[in-house]
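Colleague: Submitted below is the structure of interest, expressed as structure tokens.
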Amino acid sequence: MKILVFGSLNYDYTYRVEHFVKPGETTASLELMTFCGGKGLNQAIAVCRAGETVYLAGIVGEDGELLIKTAIENGVRAEYVKKKKGKSGHAIIQLDAAAENAILIHGGTNQEITEEYADAVLSMFTEGDLLLLQNEISCLPHIIAKAAEIGMKIILNPSPCNDMLLDCNLHAVSVFILNRGEGEYFSGTSDPQGIFSYFQREYPNASIVLTLGAHGSMCLKDGKIIAIPAVTTDVLDTTGAGDTFTGYYVSGICRGLSTEAALSRCSKAAAIAVGRMGATSSIPYESEL
Ligand code: RIB
């Protein structure tokens with residue numbers, strides 16, 4: 001079984017601030033840090049640090065060499081990542097004194113994925129292979145349709161939630177991994193039971209993994225709900241913690257772990273990630289768990 005992450009690669013500009021900038025306000029940041037990130041790259045590295053072989057597909061701009069280098073240096077198979085004219089995606093991340101963040105993304109070349117490119121990448125994969133997707137690239141509806149046609153098992157982290165998702169055939173998704181806000185986007189409620197009821201009704205064949213931050217995580221699979229507490233820790237920067245969780249969950253699926261074992265591994269990995277700065281830089285190796 002091969003694993004493909006088809007997603008975004010971003011340069012993350014993290015600005016430490018006393019408080020998030022308010023409308024109409026100009027404020028000075030206390031510090032600027034630059035990291036490699038993007039949900040696609042982060043999740044690919046998380047799958048890899050969890051111990052699996054993973055392929056990454058996505059498009060960077062002429063400035064994207066460091067993003068590709070970071071993927072390769074972390075053991076990700078990056079031969080399908082393409083370079084195109086233009087600027088890579090980037091994220092402007094405000095990180096406040098309470099370690100909360102506010103993220104503005106600019107898609108750049110992440111929004112240049114075409115059907116031709118997607119078809120060329122997906123033609124290298126076959127029935128039963130795993131495809132991990134997020135919602136930071138163009139062409140997502142086509143990628144889902146094509147992967148379903150091939151018979152790949154599709155895992156979707158629908159982040160960030162926006163109306164692009166409405167054009168996707170979400171019935172082709174086998175596993176949804178989402179946080180409470182994303183659950184609310186779909187179901188209209190932030191109550192975990194309400195979120196599960198919505199997905200059970202709309203997507204009865206899918207399993208749902210719901211991350212609840214300090215309240216741990218839950219999974220609805222085969223009509224059974226399993227809940228795992230979070231590992232308590234000091235929080236420095238939550239950027240990339242959800243991606244760490246997602247990557248480790250995909251590794252758990254690949255290894256055939258029980259839901260409890262997979263979730264508990266994810267909780268440990270995410271707890272380590274929130275205690276470190278940055279996105280790709282914060283993801284732990286399996287040996288650290
Ligand atoms: O999930 C965290 C990621 O979201 C950051 O690395 C940033 O690039 C945005 O894509």
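Only the coordinates and a few stated rules stand behind these numbers; no lab work does. From a predicted model like this one, the values you see are computed outputs, not experimental measurements. Positions of Cβ are generated from backbone atoms using ideal geometry, with glycine treated the same way; all protein chains shown enter the neighbour counts.
Colleague: Is the shape of region 142-184 best called rounded, prolate or oblate, per the rule: a/c under 1.5 gives rounded, else a/b larger than b/c gives prolate, else oblate, with a ≥ b ≥ c the square roots of the Cα gyration tensor eigenvalues?
Modeller: Values: a/c = 2.95, a/b = 1.67, b/c = 1.77.
Since a/c reaches 1.5 but b/c is at least a/b, the shape of region 142-184 is classed as oblate.
Colleague: Then there is this: Taking 0.36 nm per residue of separation and subtracting the Cα-Cα distance, what length does fully extending residue 28 through residue 201 add? Intermediate values should be presented prior to the final figure.
Modeller: Numbers: separation 173, 0.36 × 173 = 62.28 nm, distance 4.79 nm.
Stretched fully, the residue 28-residue 201 segment lengthens by 57.5 nm.
Colleague: What span do the alpha-carbon atoms of region 73-211 cover on each of the three principal axes, reported in whole Å from largest to smallest?
Modeller: 43, 43, 29
Colleague: Lys and Arg at +1, Asp and Glu at -1: add these up for the other residues within a Cβ distance under 14 Å of residue 268 and post the number.
Modeller: Once positives and negatives cancel, what remains is 0.
Colleague: Something else now. Determine, for 9, 131, 165, the number of other Cβ atoms within 10 Å of each Cβ, and report the residues in order from fewest to most.
Modeller: If I rank by nearby Cβ atoms, fewest first, I get 165, 131, 9.
Colleague: Let me have the relative contact order for region 2-130, percent, based on Cα pairs under 8 Å that are six or more residues apart.
Modeller: Values: 271 pairs, mean separation 38.9, N = 129.
Once divided by the residue count of region 2-130, the mean separation gives 30 percent.
Colleague: Bin width 5 Å, alpha-carbon pairs only: give the P(r) of region 1-128 as whole percents, running from 0 to the bin holding the largest distance.
Modeller: P(r) over region 1-128, rounded to whole percents: 2, 11, 19, 19, 16, 13, 9, 6, 3, 1, 0.
Colleague: Only counting other Cβ atoms within 10 Å, I'd like 258, 287, 197 sorted with the fewest neighbours first.
Modeller: Details: 258 10, 287 7, 197 14.
Starting with the residue having the fewest Cβ neighbours, the order is 287, 258, 197.
Colleague: If we count every other residue with Cβ under 13 angstrom of residue 73's Cβ, Lys/Arg +1 and Asp/Glu -1, where does the sum land? Write out the running numbers ahead of the final one.
Modeller: Details: positive: 49, 69, 77; negative: 65.
Residues near residue 73 contribute +2 overall.
Colleague: Taking only the Cα atoms of region 157-270, how large is their convex hull per residue, in Å³? Don't jump to the answer; show the numbers that get you there.
Modeller: Details: hull volume 11.4 nm³, N = 114.
Per-residue hull volume (Cα only) is 100 Å³.
Colleague: Do the sum for the chain: with -39,500 (n - 2.57) for every DSSP H run of n ≥ 4, divided by all residues, what is the mean residue ellipticity at 222 nm, to the nearest 500 deg cm²/dmol? Provide the component values of the computation, followed by the final result.
Modeller: Values: 8 runs with 89 residues, N = 289.
It comes out at -9500 deg cm²/dmol, rounded to the nearest 500.
Colleague: I want to verify the translational diffusion coefficient of region 165-217 in µm²/s; compute it with Stokes-Einstein, Rh as the Kirkwood radius over Cα pairs, at 37 °C and 0.692 mPa s.
Modeller: Details: Rh = 11.2 Å.
The Stokes-Einstein estimate is 293 µm²/s.
Colleague: Between region 204-276 and region 1-58, what is the C-alpha centre distance in whole Å?
Modeller: After rounding, the separation between the Cα centres reads 18 Å.
Colleague: On to the next question. If I stretch the segment between residue 19 and residue 190 completely, what's the gain in nm (0.36 nm per residue apart, minus their alpha carbon distance), one decimal? Mind dumping the intermediate values first?
Modeller: Details: separation 171, 0.36 × 171 = 61.56 nm, distance 2.57 nm.
Full-extension gain reported as 59.0 nm.
Colleague: At 7 Å along Cα-to-Cβ for each site, give me the label-to-label distance between residue 85 and residue 234 in nm.
Modeller: Output for this residue pair reads 5.0 nm.
Colleague: If you don't mind, another one. What percent do you get for the relative contact order of the chain when only Cα pairs under 8 Å and 6+ apart count?
Modeller: Details: 679 pairs, mean separation 52.9, N = 289.
Over the chain, the number comes to 18 percent.
Colleague: Rg and Dmax of region 1-61, using alpha carbons, in Å: what are they?
Modeller: My reading of the Cα-based Rg and Dmax gives 16.2, 51 Å.
Colleague: Can you give the Rg to Rh ratio of the chain, both from alpha-carbon atoms, with Rh computed by the Kirkwood formula?
Modeller: Numbers: Rg = 17.8 Å, Rh = 18.9 Å.
For the chain, the value is 0.94.
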